[in-house]
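Colleague: The structure that follows is given in the form of structure tokens.
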Amino acid sequence: MSKRPSFTRYLVEQQRVDGRIPPQLRLLLEVVGRACKRISFAVNKGELGDVMGSAGSENVQGEVQKKLDIIANEVLIEANEWGGHLAAMASEEMEGIYVVPNRYPQGEYLLMFDPLDGSSNIDVNVSIGTIFSVLKKPEGHPGVHDEDFFQRGAEQVAAGYCIYGPQTTLVLTVGDGVAMFTLDREQGSFVLVRENIRIPEDTKEFAINMSNMRHWDAPIKRYVDECLAGEDGPRGKNFNMRWIASMVADVHRILMRGGIFMYPWDQREPNKPGKLRLLYEANPMSWLIEQAGGAATNGKQRILDIKPTQLHERVSVILGSKNEVDRVTSYHSGI
Ligand code: AHG
Ligand code: MN
Ligand code: MN
């Protein structure tokens, strides 16, 4: 029998032994884990299940929805709505918030998710994932409103993602470092494989969609130009580049071996701060990265300090190895 604790046991220990998470939050995280397991099985079926291709609809952000975007969204809602731990949910795939129906008991938490991240990779069998973030519902008023979700990322009480790749792996923080659990398909449960993950402060690997280079702002162009100049340039070392186009997969690589990920503002849509969304992409990933010793900014400000004003608010994202993120951030203030 394996000595590694299951996800369930890890959470129980966090609650019972260390008192780090209240029982309701433990239940919520267990349910999210179960939902991710179901999504993983659906992803794995591929063409053998009715899960591939477009659903023929668009989400509120004008993006074509894939069948798996919708399936994953439904799995997360169905798994979470009846358990009594949640007040409401918000998702990339739903225009408004989803308030837990009053036929079910109401809980005190808010759950935000990107049910399926990296949709463009579904049909080509490349890693995709689910990203989630948990907030406490503010007290003092009945019902749930959009504004209840407009809390700074620093207020998150749990955040994580599940990557569906060669392994299905769930990565979690409740504010005490980052732990990683791999799905043991024979056992049917997530099993702890790493704790206290740390990101090296320096790196020689950057991740950005280079096809947007001509649209970037000067500080990003300067940083990437300097990386590309390699040994002969101002950095004095050669850099490697990776771009998977699934934020979960790029962030996972950075948690495992360091690196910097950038999806900055660019001139294609000058009125939007960036492509990625603050509440259910940038905030949970930024907290994980910070908990592992990395940094995350929008070029000017720590992402976790941004006060949201919209459910689907976008943000410029620069995250990963601390010294590289600090460098890009300093270029934005003209240093
Ligand atoms: P989603 O599939 O949830 O819409 O997110 C896709 C995001 C992110 O995962 C990735 O880093 C980025 O979009 C890739 O964008 P490009 O195709 O513009 O490179
Ligand atoms: Mn996404
Ligand atoms: Mn998505």
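The values are calculated or read from the model by the stated rules, or taken from the named source; none is laboratory data. This structure is a prediction, so every number in the text was calculated from the model and none was measured. As a convention, Cβ positions derive from the backbone with ideal geometry for all residues, glycine included, and neighbour counts pool all protein chains shown. For the accessible areas, the whole protein counts, side chains as well, though only heavy atoms, and no ligand, DNA or RNA atoms are used. Shrake-Rupley method; radii C 1.70, N 1.55, O 1.52, S 1.80 Å.
Colleague: What percentage of the solvent-accessible surface of the stretch 7-194, computed with a 1.4 Å probe over protein heavy atoms, is contributed by carbon and sulfur atoms?
Modeller: C and S atoms contribute 48 percent here.
Colleague: Treating only the Cβ atoms of Lys and Arg (+1) and Asp and Glu (-1) as charged, compute the dipole magnitude of the stretch 7-194 about its Cα centre; round to the nearest 20 debye.
Modeller: 740 debye
Colleague: Cα centroids of the stretch 179-256 and the stretch 83-126: how far apart, whole angstrom?
Modeller: 27 Å
Colleague: Got a sec? Charge dipole of the stretch 205-332, +1 on Cβ for Lys and Arg, -1 for Asp and Glu; which of 247, 208, 321 is way out at the positive end?
Modeller: Farthest along the dipole direction, towards plus: 247.
Colleague: Across 20 Å bins from the origin, how do the percents of Cα pairs in the chain run, short distances first?
Modeller: For the chain, the binned pair fractions read 32, 59, 9, 0 percent.
Colleague: Next question. Roughly how many nanometres apart are two label points built 7 Å out from the Cα toward the Cβ at residue 256 and residue 41?
Modeller: 2.5 nm
Colleague: Same structure, new question: For the pair residue 126 and residue 211, how long in nm is the line joining their label points, each one 7 Å along Cα→Cβ?
Modeller: 1.0 nm
Colleague: Can you tell me the orientation of helix 23-45 relative to the chain, as the angle in degrees between its alpha-carbon axis and the longest Cα principal axis, to the nearest 10?
Modeller: 70 degrees
Colleague: Taking the 0 to 90 degree range and rounding to the nearest ten, how far is the long axis of helix 7-16 tilted relative to the main principal axis of the chain, both from C-alpha atoms?
Modeller: In the chain, helix 7-16 runs at an angle near 80 degrees to the longest axis.
Colleague: Picking from 30, 139, 58, which is most flexible by a Gaussian network model of the chain using Cα springs under 10 Å?
Modeller: 139
Colleague: Moving to a separate point now. Which residue, chosen from 331, 218, 265, occupies the Cα position most advanced towards the positive end of the dipole of the stretch 205-332, where the dipole is computed from +1 (Lys, Arg) and -1 (Asp, Glu) charges on Cβ about the Cα centre?
Modeller: After comparing all options, I get 265.
Colleague: When the helix-only estimate is applied to the chain (DSSP H runs of n ≥ 4, each -39,500 (n - 2.57), divided by the residue count), what is the mean residue ellipticity at 222 nm, nearest 500 deg cm²/dmol?
Modeller: -8500 deg cm²/dmol
Colleague: Averaged per residue, what accessible surface does the stretch 1-83 expose to a 1.4 Å probe, in Å²?
Modeller: Accessible area per residue, the stretch 1-83: 54 Å².
Colleague: A further question on this structure: With the dipole of the stretch 7-194 worked out from charges on the C-beta (+1 for Lys and Arg, -1 for Asp and Glu) around the Cα centre, which of 80, 59, 97 lies farthest toward the positive end?
Modeller: Toward the positive end, the furthest listed residue is 80.
Colleague: Would you look at the GNM of the chain, springs on alpha carbons closer than 10 Å, and say which of 246, 211, 189 moves the most?
Modeller: In the Gaussian network model the winner is 211.
Colleague: If a cysteine in the chain has no other Cys Cβ under 4.7 Å from its own Cβ, put it on the list, ordered by number.
Modeller: Cysteines of the chain left without a disulfide-compatible partner: 227.
Colleague: Continuing with this model, one more query. State, as an integer percentage, the relative contact order of the chain based on alpha-carbon contacts under 8 Å between residues 6 or more apart. It would help to have the intermediate numbers written out before the result.
Modeller: Values: 712 pairs, mean separation 51.0, N = 335.
Result for the chain is 15 percent.
Colleague: Most fluctuating residue of 237, 322, 204 in a GNM of the chain with Cα springs under 10 Å: which is it?
Modeller: With Cα springs under 10 Å in the chain, the top fluctuation among 237, 322, 204 is at 237.
Colleague: Given charges of +1 on the Cβ of Lys and Arg and -1 on the Cβ of Asp and Glu, with all other atoms neutral, how large is the dipole of the chain about its Cα centre, in debye to the nearest 20? Let's see the in-between values first.
Modeller: Working: 38 positive and 44 negative charges, 152 e Å.
With only Lys, Arg, Asp and Glu charged at Cβ, the dipole is about 740 debye.
Colleague: I'd like to check one number: the per residue accessible area of the stretch 205-332, probe 1.4 Å, reported in Å² as a whole number. All intermediate terms of the calculation are to be shown ahead of the outcome.
Modeller: Numbers: 4820 Å² over 128 residues.
Accessible area per residue: 38 Å².
Colleague: Might you report the magnitude of the Cβ-based charge dipole of the stretch 184-335 about its Cα centre, with Lys and Arg at +1 and Asp and Glu at -1, to the nearest 20 debye?
Modeller: Numbers: 22 positive and 20 negative charges, 55 e Å.
For the stretch 184-335, the charge dipole is close to 260 debye.
Colleague: In nanometres, what is the gap between the two model label sites at residue 323 and residue 104, each 7 Å from Cα along Cα-to-Cβ?
Modeller: About 4.8 nm, to one decimal.
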